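Below is one structure, written out as structure tokens; comments come after it.
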Amino acid sequence: MSEGVRLASIDAIAVGEGVKIDRSVAGTADDIALLRDDDGQVYALDDTCTHETASLSDGWVEDGFVECPMHSSKFCLRNGEVSGLPATKDACPHRVEVRDGEIYIFPGEAP
Amino acid sequence: MTLRSVVVVGGGLAGVSTASELRKRGYDGRITVLERGGVPYDRPPLSKSYLDGSKNEKDIALQPEPWYDDHDIDLRLHTEVESLRASEGCVVLGDGIALPCDRVVLATGGSAARPSIPGADDSRVHVLRTTEDADRLRAALDGGKRLLVVGAGLIGAEAAATALALGCDVSLVDPVARPLEGVVGRGLAEWLHSLHTSHGSTVIEGGIAEFGDSVAGLEAVLTDGHIIGPFDAVLLGVGMRPETRLATTSGLLVEGGVVVDEAQRTSNPAILAVGDPTRRTVDGLLRPRAEHWEAAQLDGARAASQITGTVPPVEGAPWFWSDRYGRHVEVVGKPTDGDTAVVRGEFGSRSFSVLGLRGGVVVGAASVDDPTTIRAARRLIDRRTPVEASSLEDPNTDLRKMLRGLGGDNGSEKS
């Protein structure tokens, strides 16, 4: 586990977009949203919006935040902190490492 | 002058957002939120997940209960306000106690409209604005009853879809053939309304003259004389009545809503007003009441910015959502202000949008299960980015890239 879990290659995620990775692949309680910010950085959050059931990997990624595709609650990509209703709970973040163009996450480890 | 105490009258979305934004913006004085009901909750689920029982009152709380203490907000429930004494700087509560304050924010909401139709006071005729309303309606629908929904706007359409999913026999009556036409345009309004019939609800075009009782249940007499029914329950979804009593008795300017300036100040600058019962003056023009979820939240942020002297939120295109029969509808800006309508995706398919353009810029968009287009459209509207109708129409055009200025006029390079 110390090397993390390989989820995808970085080229599979366009800048400003997200990809959903099934929980069975990631070894996590929820599916994982891999989200790539405008600057190319990749972040990992639990995929299910903490408000209802929308998938954050379908959200709008911009300026360090992902906006939920249903009701537009915003979550910080770095730490999952929620910054707008209707969601009131933070999204669970996972530490990410990119090595040789491959994305690894460390489930449950704070970034 | 340092402000030490703000009283917010009303614990709906606008009131709680005001309190929340005051703290976010560094205000460290006293905040008291006076709510005549229970713990503040979010209203959109009342016609959807709360009405069908999949969410309970705790699930729809606007904030978890400890949040108020954590943010040093004095939330007083089941508390009525008798009057405002602006000149003395206090709010008088129902029990006669005067609460001193430097600023008052009226977030008084409103009640569901009950038109004066004969028979509309029957206990089987419901409205839907509070959890109590939703509880009563759900109890009346238990076991798959015959429901008549009056008004096929947002709440009526949502409640009809929820009732149908609960196994009810649903009829929907509205005086116009295409409700929401003025908001989303003719084609999409027609398609949205047709979802009722395609899912098994009965749609009737007409107005209600009166409700009458028969041995089999409630009947409705239409304005053309036709009688429909019988029904076990009726839901009136015909709009809201703004709660303006405190504003009126305080001598504030009220014209079909509490009149406020761009910064949410009423005609008395020590009293602000936010949310559904307000009409905002922008660029010298008095706007209609917004009556949408995000608008209420932004009002709260603006009031807090005025009180704290911090930067107000960005004035962007208004946005709202609605759900019916499992389809998620979103509208941003004013699609009907366009001179050209552009369809992105196949109209009527699993996911599509209709965008309105005027003079080569997007002025509004309405979508069905197409959140990315709405979020892109919102930015295109706010930035007034010039766009070609043909590239918006082309599903291969990546709108996110267009916004970033990479490939704005050509999506054909994509496979």
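General remarks:
- Scanning the range B:122-144 for residues that are modelled with pLDDT of 95 or more and assigned to a loop (DSSP other than H, G, I, E, B) gives B:ASP122, B:SER123, B:ARG124, B:VAL127, B:LEU128, B:ARG129, B:THR130.
- Candidate set: the range B:306-319, residues that are touching a residue at least 60 places away in the same chain (Cβ under 8 Å) and outside any helix (DSSP H, G or I); chosen: the one nearest to B:GLY364 (Cα to Cα): B:ALA317
- Residue ID - surrounded by the fewest Cβ atoms within 10 Å (Cβ to Cβ), chosen from residues in the range A:59-68 that are out of contact with any strand residue (DSSP E or B) (no Cβ under 7 Å at 6 or more places or on another chain) and within 9 Å of chain B (Cβ to nearest Cβ): A:GLU62
- Reported count of residues in the range B:366-395, each being away from chain A (no Cβ under 14 Å) and in contact with a Gly (Cβ under 9 Å, 6 or more places away or on another chain), is 10.
- Here B:ALA290 fits the description: touching a strand residue (DSSP E or B) at 6+ places or on another chain (Cβ under 9 Å) and modelled with pLDDT of 95 or more.
Residues are listed down the side, and each one gets a yes or a no for (1) surrounded by fewer than 19 Cβ atoms within 10 Å (Cβ to Cβ); (2) of a type in the set (Val, Ile, Thr); (3) touching a helix residue (DSSP H, G or I) at 6+ places or on another chain (Cβ under 9 Å):
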| position | (1), (2), (3) |
| --- | --- |
| B:ASP174 | no, no, yes |
| B:VAL184 | no, yes, yes |
| B:GLY200 | yes, no, yes |
| B:PRO230 | yes, no, no |
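- Count of the range A:70-111 residues which are among the small types (Gly, Ala, Ser), more than 24 Å from B:GLU65 (Cβ to Cβ) and away from chain B (no Cβ under 14 Å): 3
- Complete set of residues in the range B:121-139 that are free of Cβ contacts under 8 Å to residues at least 60 places away in the same chain, within 25 Å of B:ALA209 (Cα to Cα) and within 22 Å of the chain's Cα centre (by Cα): B:ARG136
- Considering the range B:18-47, and only residues there that are part of a loop (DSSP other than H, G, I, E, B) and among the acidic types (Asp, Glu), the residue that is farthest from B:LEU99 (Cα to Cα) turns out to be B:ASP42.
- Failed item in (1) surrounded by 15 or more Cβ atoms within 10 Å (Cβ to Cβ); (2) within 14 Å of chain A (Cβ to nearest Cβ); (3) under 23 Å from A:GLY18 (Cα atoms), with B:PHE352 passing the rest: (2)
- Qualifying residue in the range B:287-303 (condition: farther than 19 Å from B:VAL8 by Cα, of a type in the set (A, V, I, L, M), more than 16 Å from the chain's Cα centre (by Cα) and in a loop (DSSP other than H, G, I, E, B)): no
- Any hit, the range B:337-346, residues being outside any loop (DSSP other than H, G, I, E, B), more than 14 Å from chain A (Cβ to nearest Cβ), more than 30 Å from B:VAL7 (Cα to Cα) and free of Cβ contacts under 8 Å to residues at least 40 places away in the same chain: yes
- The set of residues in the range B:63-120 being closer than 30 Å to B:ALA209 by Cα and part of a loop (DSSP other than H, G, I, E, B) consists of B:GLY109, B:ALA113, B:ARG114, B:PRO115, B:SER116, B:ILE117, B:PRO118, B:GLY119, B:ALA120.
- Taking every residue in the range B:60-85 that is more than 12 Å from B:VAL7 (Cβ to Cβ) and free of Cβ contacts under 8 Å to residues at least 12 places away in the same chain and pairing it with any residue that is of a type outside the set (Lys, Arg) and not in a helix (DSSP H, G or I), at least 6 positions away or on another chain, the pairs with Cβ-Cβ distances below 7 Å are B:PRO64/A:THR88.
- Counted residues, the range A:76-85 - those being hydrophobic (A, V, I, L, M, F, W, C) and either assigned to a loop (DSSP other than H, G, I, E, B) or surrounded by 22 or more Cβ atoms within 10 Å (Cβ to Cβ) (or both): 2
- Test: residue in the range A:37-49 that is among the charged types (D, E, K, R), free of Cβ contacts under 8 Å to residues at least 40 places away in the same chain, farther than 21 Å from B:VAL329 by Cα and within 8 Å of chain B (Cβ to nearest Cβ): yes
- Some residue of the range B:235-256 being surrounded by 23 or more Cβ atoms within 10 Å (Cβ to Cβ), in contact with a helix residue (DSSP H, G or I) (Cβ under 7 Å, 6 or more places away or on another chain) and in a loop (DSSP other than H, G, I, E, B): yes
- The range B:53-104, residues that are of a type in the set (Asp, Glu) and within 14 Å of another protein chain (Cβ to nearest Cβ): B:ASP59, B:GLU65, B:ASP70
The values are calculated or read from the model by the stated rules, or taken from the named source; none is laboratory data. Computed from a predicted model, the values in this text were never measured in an experiment. Glycine also receives a Cβ, built like all others from the backbone with ideal geometry; neighbour counts cover every protein chain displayed.
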